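A short write-up of the structure that comes next.
Where a number appears in this text, it was derived from the coordinates with a stated rule and is not lab data. Because the structure is predicted, anything quoted here is derived from the model rather than measured. Glycine also receives a Cβ, built like all others from the backbone with ideal geometry; neighbour counts cover every protein chain displayed.
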Amino acid sequence: MNKMRCTLAARRLACYLDTIGIRPAMENMTNRERYRLLLPTYSNLPKELRREARRHGRRIIREVGLIEATQHAYPTWAIAPTIQLTRQERAEQMADLMRQSLGQCASCSSWGHPKRAWPTRELAEAFRPFAGDMSLQCYECPVDSGSYHLGHRNEVASSVSPTAESTVV
Ligand SMILES: [Zn+2]
């Protein structure tokens, strides 16, 4: 199984198991090792329990997506950069990124706060670890093309606020 499939399979299993309260400790493991731990854990469950876990798990994944579904069961460092930065380095890196930001978007907001805009996809993605949520996705601003935001999938479609139209016209 290739690396990506392994990662996805491990996450899927973690989600299934989580729905029935099983959360194996998975610190300091590669995704392949997680998969090797989760698969027998899951396979050794009684058939009924397995079916229940799968049913719940699939529903949750369908509703919120795989990453979101496993976020609490699956440590975020699984997809966060593994390099440990000192506080100083982190602050410098963040300041450096912020200097390259386009500032706040005039059209998009989330939770009442204007969205930060980035001139490239790469910069938006580089900011993701600092946003504290590795499940955020990068997308092009629906109003100001050529600028990029980070957001959750469900808000991507509706990220244009009702007041946006008037400012565009
Ligand atoms: Zn925008």
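Starting from the Cα of residue 50, step 7 Å toward the Cβ, then list every residue of segment 1-42 with an amide N under 15 Å from that point.
Correct set: 13-14, 16-17, 38-42.
In a Debye calculation with equal point scatterers on the alpha-carbon sites of segment 3-78 and no solvent, what is log10 I(q)/I(0) at q = 0.18, 0.20, 0.26 Å⁻¹?
Ignoring solvent entirely, the Cα scatterers give -0.63, -0.79, -1.32.
Label residue 39 and residue 94 with points 7 Å out from Cα along Cα→Cβ: what is the distance between them in nm?
Result: 4.0 nm between the two label points.
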